[in-house]
Amino acid sequence: MAVEGADIIKAAAFLGAGLAMGLGAIGPGVGEGMAAAKTCEAIGKNPQEAGLLTRTMLVGQAVSESTGIYSLVIALLLLFVV
Amino acid sequence: MLNDIQTWINVAAYTGGGMAMGLGAIGAAIGEGYTAAQANAAVSRNTELSGDILKSMLVGQAIAESASIFALVIAILLLFLSVSNPSLLTAAALFGGGLCMGFGAIGSGVGSGFPAGQACKGLVRQPQVAGKLTTNMLIGSAVCQTPAIFSMVVALMLIFIDFSGAPLLPTWAALIGAGLSTGLAAIGSGFGGGLAAGASCEGVARQPETVGNVTTIMLIGQAVSQTASIFGLLISFVLMFKSYPESAALTASMCLLAAGISSGFGGIGPGIGNGMAAEGAVRWVARDVENAGGLMRTMLVGQAVSQSTAIYAMVVSLCLIFVV
């Protein structure tokens, strides 16, 4: 089986895409869950502020999501562009 | 010697068996240790209840132990298996099965320890609701075991289905990827489900009359945190049962391996995160049961956002399998 340079490069790009998205998904998943847990706690203590708290949670989660989206972008770049 | 298929099958089965038991022992031991620690703390508060607490601890630990018993079964199978139709693909499948069961037992083992520990602690706080507590603990920890059961199912399929008709290249990578996908994704869901179940046992001990609401929200939260491992299972099935054209190129193999890695690792974070969200909601439903609807809504919104990265990972996996 002759393995050519271009094949190795493409294979590495695909493996890299899997690693990027897989490992990159861990952090946002955990971080956003923490935000949601603390929001539930805060709403439990202060139910009339539920709207404000949910809004704050979503903004915080959106920021935490960004690294997951970076991973997705890099994975898609590795799959389809490079 | 390099072409001796039986040698490679033995190598794969023995290393796979070692990985299954070695990795599979991690979770249950930690979970049971947590339970024992909580039980000791509980006994020190009220030594008269030590008999009940010991009983509760042992029941809880027995459930946590089941994850590593699954791993033991798979490891023994791999050690003593006789393969009817040996090929190099069988070797890949056996190794993939071992990895799947090993990783898959970690989360469930740790997770099942949480409800058991909280049940022991709760027993001291409210000895008269021991029955409700035990029931709640059993339901919660049984759900925690499902990711480990998914892993066992995939491991058994990898071990016993005859893949030898498929082309070695690139199917070997699909089989190892299938093992990694379910195995790794099960870590998060098992752990997350445990967090929710632990909070519900604590809640029942605090406010026994809220048990209905608490158990319902626990189950909803656990169900959502299982989705991460269901995505992993889905990708495993696709990887196992799709047929691939023979291709000597490294690219084709790496695509399939990467698909398993992506959905596997990608499921860990959302599984834990969803469990944390459920833990927060369940804990506060027990303290403020009038607000259960609002809390559940917030929990589901938070979980949906946390789930998104698992969905990205699944999309990347599907692209790797079907598009590129």
Quiz item: Of all residues in the stretch B:211-227, which are within 24 Å of residue B:128 (Cβ to Cβ) and of a type in the set (Ser, Thr, Tyr)?
Solution: B:215, B:216
Quiz item: Which members of the stretch B:154-170 meet the condition of being in contact (Cβ under 8 Å) with a residue 24 or more places away in the chain and either part of a helix (DSSP H, G or I) or of a type in the set (Asp, Glu) (or both)?
Solution: B:154, B:155, B:156, B:157, B:158, B:159, B:162, B:168, B:169, B:170
Practice problem: May I ask you to say which residue of B:189, B:236 is at pLDDT 95 or above, open to solvent by less than 10 Å² (accessible area, probe 1.4 Å) and within 23 Å of residue B:9 (Cβ to Cβ)? | Solution: B:236
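Residues in the stretch B:87-97: is at least one surrounded by 24 or more Cβ atoms within 10 Å (Cβ to Cβ), among the β-branched types (Val, Ile, Thr) and farther than 15 Å from residue B:191 by Cβ?
We begin by selecting, within the stretch B:87-97, every residue surrounded by 24 or more Cβ atoms within 10 Å (Cβ to Cβ); these are B:90-97.
With among the β-branched types (Val, Ile, Thr) added as a condition, the list becomes B:90.
This time we only want the ones that are farther than 15 Å from residue B:191 by Cβ, so: B:90.
Yes; the residues of the stretch B:87-97 include at least one that is surrounded by 24 or more Cβ atoms within 10 Å (Cβ to Cβ), among the β-branched types (Val, Ile, Thr) and farther than 15 Å from residue B:191 by Cβ.
Pick from A:27, A:51: which is more than 7 Å from chain B (Cβ to nearest Cβ) and open to solvent by 30 Å² or more (accessible area, probe 1.4 Å)?
Values: A:27 fails: more than 7 Å from chain B (Cβ to nearest Cβ).
It is A:51.
Answer yes or no: is there a residue in the stretch B:48-64 that is in contact with a helix residue (DSSP H, G or I) (Cβ under 8 Å, 6 or more places away or on another chain) and within 28 Å of residue B:159 (Cα to Cα).
Yes, the stretch B:48-64 contains at least one residue that is in contact with a helix residue (DSSP H, G or I) (Cβ under 8 Å, 6 or more places away or on another chain) and within 28 Å of residue B:159 (Cα to Cα).
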Quiz item: Failed condition for residue A:16, given (1) among the small types (Gly, Ala, Ser); (2) buried (at least 23 other Cβ atoms within 10 Å of the Cβ); (3) more than 7 Å from every other protein chain (Cβ to nearest Cβ), with all others met?
Solution: (2)
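Condition test on residue B:243, is it in a helix (DSSP H, G or I) and of a type in the set (Ser, Thr, Tyr)? Explain how you work it out, then say what you get.
Details: in a helix (DSSP H, G or I): no; of a type in the set (Ser, Thr, Tyr): yes.
Considered against the rule, which asks whether it is in a helix (DSSP H, G or I) and of a type in the set (Ser, Thr, Tyr), residue B:243 comes out as no.
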Self-check item: Residue, farthest from residue A:38 (Cα to Cα), within the stretch B:278-295, restricted to residues that are within 9 Å of chain A (Cβ to nearest Cβ) and open to solvent by 10 Å² or more (accessible area, probe 1.4 Å)
Solution: B:290
Quiz item: Looking only at residues in the stretch B:246-272 that are at the interface with chain A (Cβ under 7 Å from one of its Cβ atoms) and not in a helix (DSSP H, G or I), which one is modelled with the lowest pLDDT?
Solution: B:248
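The values are calculated or read from the model by the stated rules, or taken from the named source; none is laboratory data. Here the structure is a predicted model, which is why all the values come from computation and not from measurement. Because the Cβ atoms are built from the backbone with ideal geometry, glycine has one as well, and the counts that use them run over all protein chains shown. Quick note on the areas: whole protein, heavy atoms, side chains included, nothing else; ligands and nucleic acids left out. Shrake-Rupley method; radii C 1.70, N 1.55, O 1.52, S 1.80 Å.
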